[in-house]
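The values are calculated or read from the model by the stated rules, or taken from the named source; none is laboratory data. Worth saying up front: this structure is predicted, and the values here are computed from it rather than measured. Please note: Cβ atoms are built from the backbone with ideal geometry, for glycine as well, and neighbour counts cover all protein chains shown. In case anyone asks, the SASA skips ligands and DNA or RNA and just uses the protein heavy atoms, side chains included. Shrake-Rupley method; radii C 1.70, N 1.55, O 1.52, S 1.80 Å.
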Amino acid sequence: MKKLQSSKENTVIKKLRRLASDNTPIDSELALMVLDDLSLDLTQLLEIASKPRQYYFAKKIQIHIINNLRNGYCPEDCSYCAQRKNLAEDNVAKESIFRYTDKTEDEVLKEAKHAWESGAYRYCLVSAGRGPNKKSLDYYLRLIKKIKENYPKMELCLSAGLLKNLADTKRLAEAGLNRYNHNLNTSPDNYSKICTTHTYQDRILTLELLQSAGISLCSGLIAGLGENSSDLVHLALELAKRKVASIPVNFFLPVQGNTVEQNEFLKKLEPDFCLRILCMLRLTNPQAEIRLAAGRELYLGERQSEALAVANSLFVNGYLNVQGSDLAETTKLIENLGYEIESYYTGGSSIKKDIDNSEEADTHDIIPALKIKTKEQLRPFHEENSLLSSLQTKK
Ligand code: SF4
């Protein structure tokens, strides 16, 4: 019996190895086995899933930095998000999350300079909201043009919600936008459990508009929202079908005020399973940029080193509202593993001490190991920001 089982697993491993070596995407049956068949050894899976990563990206890792342009006040009700409007019903959460409307253009440009000089391969402008209206579209267009004028080589991504029409979408492309982020987040079957103000299909329509406008797609998921393994596989295959260039892989961060129901899948998110999710995504989407996004520190900890065998990009300096590893820490991790940061910036690492990691910053613990970004971290170049003024005085 044991012999039979081991010959079955050898057959599967051989098949996965062959497909990975040819950079051929695996099907749903194999993808499900990668997630759930514990007879398939994780070390072998990581080694197999590292093949396409090496083929397309060699030892390179791209660093992404987020600029949270507008925080909070979103009319949508995504259960996992600290920016939704009805967060205001939760007093503790409301106190913890520093909300603001659009940053000034000057602030955004200063942050873009900081990101460029930190070696960011891609700069991600993110804005809360259902989607752009005329005024906010004009604001994004001005920002895109100015950032691209100043740092033409730094890739620019915008995440600003649902898009309405092709004409507006084309204007983003014409302004110089390289990529647009719009996560599918979870499967169609699970979508109504995480949001009632828009649908999975609405999100698909935005991806289709972007494709028609010739803008490269960034679309990923959040694991831990009550989905099951089949949901994750469905999502991975949908992203593959749409030839999504970049897949951010988030592990749910339970920020105060979230309304995500406790679920079995969340309990399953041990490091081994998180690594299996990454292997499955790489093997279903061999050419895609697979990014370690929110939760990499909390869920993978030291095992981020194994994750980078499969993923080829990551965020530094945290996420929209939650702190994460800073540039110095992340660079050390990358270099110790023998990887190389891919960046067009050749000015050297001029920023040794990152603003985000300043000891002067006050932090608010939400749960152990999960810290909410401070006002200074969210708006380091805001004129009223005393931390910035003190850093500038020291220069
Ligand atoms: S649409 Fe975006 S910003 Fe608004 S609640 Fe949902 S995830 Fe948050």
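Values for this structure:
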{"item": "Dipole moment magnitude, nearest 20 debye, the chain about Cα centre, only Lys, Arg, Asp, Glu C-beta charged", "result": "1060"}
{"item": "In order through segment 252-268: 3J(HN,Hα) via Karplus (6.51 cos²θ - 1.76 cosθ + 1.60), integer Hz, x for Gly, Pro", "result": "3, 9, x, 5, 3, x, 5, 10, 5, 6, 4, 9, 4, 5, 4, 5, 6"}
{"item": "Projected-area mean, segment 164-250, by convex hull of Cα positions, square nanometres", "result": "5.5"}
{"item": "Extension gain (nm, one decimal) between residue 208 and residue 340, 0.36 nm per residue minus Cα-Cα", "result": "44.1 nm"}
{"item": "Most fluctuating residue given options 176, 226, 338, as computed from a GNM of the chain linking Cα atoms under 10 Å", "result": "338"}
{"item": "Nearest-20 debye value, segment 181-318 charge dipole, Cβ charges on Lys, Arg, Asp, Glu", "result": "260"}
{"item": "Residue among 375, 268, 85 with the largest mean-square fluctuation in a Gaussian network model of the chain, springs linking Cα atoms under 10 Å", "result": "268"}
{"item": "By average C-beta atoms within 10 angstrom, highest first, the peptides 139-150, 68-79", "result": "68-79, 139-150"}
{"item": "Entries of 164/193; 103/332; 110/164 with Cα pairs more than 28 Å apart", "result": "103/332; 110/164"}
{"item": "Calculated FRET value between residue 73 and residue 135, using beta carbons and R₀ = 25 Å, to 0.05", "result": "0.95"}
{"item": "Charge tally in the Cβ shell below 15 Å around residue 23, where Lys, Arg are +1 and Asp, Glu are -1, residue 23 excluded", "result": "+4"}
{"item": "Ordering of 304-316, 151-163 by packing [mean C-beta count within 10 Å, highest first]", "result": "304-316, 151-163"}
{"item": "Spacing of the two label points (7 Å from each Cα toward its C-beta) at residue 192 and residue 95, in nm", "result": "3.8"}
{"item": "Value of relative contact order over the chain, rounded to a whole percent, pairs C-alpha under 8 Å and six or more apart", "result": "21"}
{"item": "Among beta bridges that DSSP assigns inside segment 1-146, antiparallel share in %, nearest 5", "result": "10"}
{"item": "Whole-number accessible area per residue in Å² for segment 117-181, which is evaluated in the context of all protein chains at 1.4 Å", "result": "41"}
{"item": "Karplus-derived 3J(HN,Hα), 6.51/-1.76/1.60, for each residue of segment 30-37, Hz, glycine and proline x", "result": "5, 4, 5, 5, 4, 6, 10, 8"}
{"item": "Equivalent ellipsoid dimensions for the chain as semi-axes, Å, which come from the Cα gyration tensor, largest first", "result": "33, 23, 22"}
{"item": "Cross-link reach list, aspartates and glutamates versus residue 243, counting only Cα pairs under 18 Å and skipping chain neighbours closer than eight places", "result": "22, 27, 208, 289"}
{"item": "Estimated FRET transfer efficiency when R0 is 35 angstrom, pair residue 270-residue 14 (beta carbons, to 0.05)", "result": "0.80"}
{"item": "Of all DSSP beta bridges in the chain, antiparallel share, percent nearest 5", "result": "10"}
{"item": "Accessible surface of the chain [probe 1.4 Å, protein heavy atoms]: carbon and sulfur percent", "result": "50"}
{"item": "Value of relative contact order over segment 265-326, rounded to a whole percent, pairs C-alpha under 8 Å and six or more apart", "result": "33"}
